[in-house]
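One structure is given here, and the rest of the page talks about it.
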Amino acid sequence: MRWSLSICLLIAFFSFQPLKAAEENRPLVMASNTIIADIAHQLIGDEARVISLVPLGTDPHNFDPSPADLKLSTEADLILVNGMNLENWMVNLIKKTGSTAKIDTVTKGIQPIFTGKFYTQVDPHAWLDPILGKTYARNISASLSDLLPKHKETIQFNLKVYLDLLEEVHQYSLERLKEIPQKKRLLITSHDAFRYFGERYEISVKSVLASSPDAELTVKDMIQLTEIIKNSEVGAIFPESTINPKLVNQIAKDNNLIVGGQLYTDSLSEPEKDAGNYIQMLYHNVNRIAEALLGERQKAEYDLWKSDFSDTLMSLGILVFLAACFLWMWFNVKTQHGG
Ligand SMILES: [Zn+2]
């Protein structure tokens, strides 16, 4: 018995060593955020270690990398960044570490949308449009093929499958959003992240904050937002997973809007939740937006209330009936005894 256990342990030890060595030999791909990391992982599978510098659920606009994060960048073979001014800070810091990794911008070829008062800022959130997501995937596949030329065919095959999945999300989004009436085609979110999505699906966008969640909110901005809400028939405002919902909740209360389901903009969710990967995130967002702007959410709440009310009414009816039966029997018994 003891011998067999020792043999098992010995086999486990020797079989573990080569696996560990293989793990360490795999190239390290560092993406600036979880969305880019997921696309890279879908294309390359386990042939490379893919990590995200900005952790899950963290705001990438104001992320402050630790010395350990920066040290990891010196071990990376390839660094994938969004560009469009999202991570200038990160690229500068990485260059200072002496990292020799190739830094590729995954939004190459995408026409940027300018925002801000004087249209001097770029909205970096091109990934929220699935058609532009295809450009991300194509650029990432080219970077990965350069890094791992012997896996080029697999990467190309995975890319083709992935592009089809993105096309399906796009077709689904078109279908899901087409019934929203013109006056309700306004998407109000915490920060300015839906310009590309809005342009693709002909939905106006307005945000409480600017394109970075740490932007200052002025009284003038607030008055302007209230005016826009009053002049539209929009009934919902949306919180985002990486931003404190306090302000959105307050605006909803002040303007009699419902708070739509939480949207994922700057980060994926935990793997087992609603937006565990990029494709799921796109489906999740379009469903939350459609159900709130189409009033399905309010209707569902009303139906639930109506069904609860009918149940209560039914219970009351039964109680009244039983009480009436009891009273009738009591009255009969009393009459017979009296008689
Ligand atoms: Zn953002």
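The values are calculated or read from the model by the stated rules, or taken from the named source; none is laboratory data. Note that the structure is a prediction, hence the values are computed from the model and not measured. Using ideal geometry, Cβ is built from the backbone for each residue, glycine included, and neighbour counts are taken over all protein chains shown.
Things to note:
- Identity of the residue in region 89-106, among the charged types (D, E, K, R) and touching a strand residue (DSSP E or B) at 6+ places or on another chain (Cβ under 7 Å), that ends up nearest to Ala37 (Cα to Cα): Asp104
- Only one of the listed residues (Leu80, Leu93, Leu53) is under 22 Å from Pro27 (Cα atoms) and within 16 Å of the ligand (Cβ to nearest atom). That residue is Leu53.
- Subset tally (residues that are among the aliphatic types (A, V, I, L, M) and either assigned to a helix (DSSP H, G or I) or within 14 Å of the ligand (Cβ to nearest atom) (or both)) for region 104-127: 3
- Within region 36-46, not a single residue is within 16 Å of the ligand (Cβ to nearest atom) and touching a His at 6+ places or on another chain (Cβ under 9 Å).
- From the options Asp146, Asp77, residue that is closer than 22 Å to Leu163 by Cβ and among the acidic types (Asp, Glu): Asp146
- Complete set of residues in region 41-54 that are surrounded by fewer than 17 Cβ atoms within 10 Å (Cβ to Cβ) and either in contact (Cβ under 8 Å) with a residue 60 or more places away in the chain or in the same structural domain as Ser190 (by TED's automatic domain parsing) (or both): Gly45
- Residues of region 113-171 that are closer than 20 Å to Phe194 by Cβ and of a type in the set (Val, Ile, Thr): Ile113, Thr115, Thr120, Val122, Ile131, Thr135, Val169.
- Close contacts from region 257-272, counting a first residue that is over 17 Å from Ser32 (Cβ atoms) and a second that is assigned to a strand (DSSP E or B) and within 16 Å of the ligand (Cβ to nearest atom), with Cβ to Cβ under 7 Å and a gap of 6+ residues or different chains, come to Gly260/Phe238; Gln262/Glu240; Leu263/Thr189; Leu263/Phe238; Leu263/Glu240.
- Residue match in region 215-231 (condition: within 16 Å of the ligand (Cβ to nearest atom) and in contact with an Asp or Glu (Cβ under 7 Å, 6 or more places away or on another chain)): no
- Residues (within 16 Å of the ligand (Cβ to nearest atom), of a type in the set (Val, Ile, Thr) and either assigned by TED's automatic domain parsing to the domain that holds Thr135 or without any contact (Cβ under 8 Å) to a residue 40 or more places away in the chain (or both)) located in region 163-209: Val205
- For region 167-185, a tally of residues being within 14 Å of Pro130 (Cα to Cα) and outside any helix (DSSP H, G or I) returns 0.
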